[in-house]
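The values are calculated or read from the model by the stated rules, or taken from the named source; none is laboratory data. Only a predicted model underlies this, so the values are computations on that prediction, with no experimental measurement involved. Neighbour counts run over all protein chains shown; Cβ positions are idealised from the backbone, glycine included.
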Amino acid sequence: MTSPLLVAHVASDYRRYPGEPLVFYTRVTGGVETSAYYSLRVTLPAGVTLERTVAPRRETVPRVVRWSTGGQTLTWDEVAAPLGTTHEYEVHTAVAATLEDVTLVSHASLTEADGIRVASESVSVAVSAQGSYLRYLPALYERDDFMGRFLMLFESFWWPIERQIDNLPYYLDPRTAPVDLLPWLASWLDLVLDKRWPESKRRRLLQAAVSLYRRRGTRDGLADYLEIYTDVRPEIVEHRAENFVLGPEAQLGRGIALGTRNVPHTFTVRLELPPVAARAAKERRCMIEQIVAAEKPAHTAYMLDIRVESERHVR
């Protein structure tokens with residue numbers, strides 16, 4: 001039984017102006033255990049001009065078919081794609097002149113040797129005929145073609161920066177910020193993220209950092225911290241006095257603790273975790289110990305009980 005081939009098709013930009021470069025990227029991922037032959041077809045809309053192509057093998061040249069409507073199709077044939085390998089293609093184009101705003105749509109499709117289509121994907125690019133900066137000028141300038149094209153130069157340069165400013169809230173949200181930005185966000189809270197943690201757990205920790213700081217040294221705060229790392233809610237048992245009785249027989253004095261089995265300022269952390277490799281289990285235990293040691297009250301001691309299936313390890 002074999003899995004199908006996969007195709008991904010994206011553009012270098014999703015908003016362009018006439019005359020600007022536009023590159024379509026296509027990736028084919030092998031999904032069969034042995035080498036297979038397929039045809040990759042990339043269709044270009046009439047609003048772009050083909051300049052050059054890049055294929056995994058330099059000697060591979062696509063067949064180009066031009067349509068009467070101005071579009072064209074590029075086809076690469078007989079390329080092997082064994083399981084797990086990727087082949088990447090680039091189609092470099094330039095946006096053609098237009099008198100009105102248009103949306104350019106490009107398609108990529110994979111066809112096996114028997115002619116059956118196995119995968120396809122599309123991408124859309126918005127093209128503006130005139131720079132939007134014209135709306136800030138008197139209506140007289142809208143009839144000036146040179147002014148519209150002249151302002152496009154500045155808009156093309158500033159638009160990526162404006163987009164970053166518009167999306168600024170996403171850069172400051174631990175759930176959506178780029179992964180390289182997470183340590184910087186953590187520095188705002190004096191939090192050092194451990195790179196050994198998976199990205200999803202680092203995001204969860206950063207999102208919960210303020211709440212954890214407020215409850216640092218409490219049982220619930222420690223439990224939430226450990227749950228973020230292990231995905232398992234721990235059981236934390238505080239060793240308080242049992243059978244506490246006040247009466248004529250009660251004896252108080254130095255070195256006397258009220259009740260039975262009383263071990264002051266100690267607690268046990270119990271976790272039921274899924275099995276992992278021996279080295280990973282050691283690293284996991286070490287990380288859990290670091291978390292408990294950092295989050296518990298300074299004057300307390302603890303015992304760690306990690307149970308994996310039927311095994312039990314107590315420190």
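The set of residues in the stretch 222-235 being part of a helix (DSSP H, G or I), surrounded by fewer than 18 Cβ atoms within 10 Å (Cβ to Cβ) and not acidic (D, E) consists of A223 alone.
Just so you know, in the stretch 172-217 the residues that are among the small types (G, A, S) and closer than 18 Å to K296 by Cβ include one that is surrounded by the most Cβ atoms within 10 Å (Cβ to Cβ), and it is A209.
How many residues are of a type in the set (G, A, S) and more than 24 Å from G30 (Cα to Cα) if we restrict to the stretch 88-116? So that I can check it myself, show each step before the final result.
Of the residues in the stretch 88-116, the ones of a type in the set (G, A, S) are 94, 96-97, 106, 108-109, 113, 115.
Now restrict to residues that are more than 24 Å from G30 (Cα to Cα): 94, 96-97.
Residues flagged as of a type in the set (G, A, S) and more than 24 Å from G30 (Cα to Cα) within the stretch 88-116 amount to 3.
Scanning the stretch 290-305 for residues that are in a strand (DSSP E or B) and either in contact with a helix residue (DSSP H, G or I) (Cβ under 9 Å, 6 or more places away or on another chain) or hydrophobic (A, V, I, L, M, F, W, C) (or both) turns up A301, Y302, M303, L304.
Within the stretch 45-65, the residues that satisfy the criterion of being surrounded by 12 or more Cβ atoms within 10 Å (Cβ to Cβ), modelled with pLDDT of 80 or more and closer than 23 Å to E112 by Cα are T53, V54, A55, P56, P62, V64, V65. Counting the residues of the stretch 203-224 that are in contact with a helix residue (DSSP H, G or I) (Cβ under 6 Å, 6 or more places away or on another chain) and under 21 Å from T176 (Cα atoms) gives 4. Of all the listed residues (D180, D190), the sole one being in a helix (DSSP H, G or I), at pLDDT 75 or above and of a type in the set (D, E) is D180.
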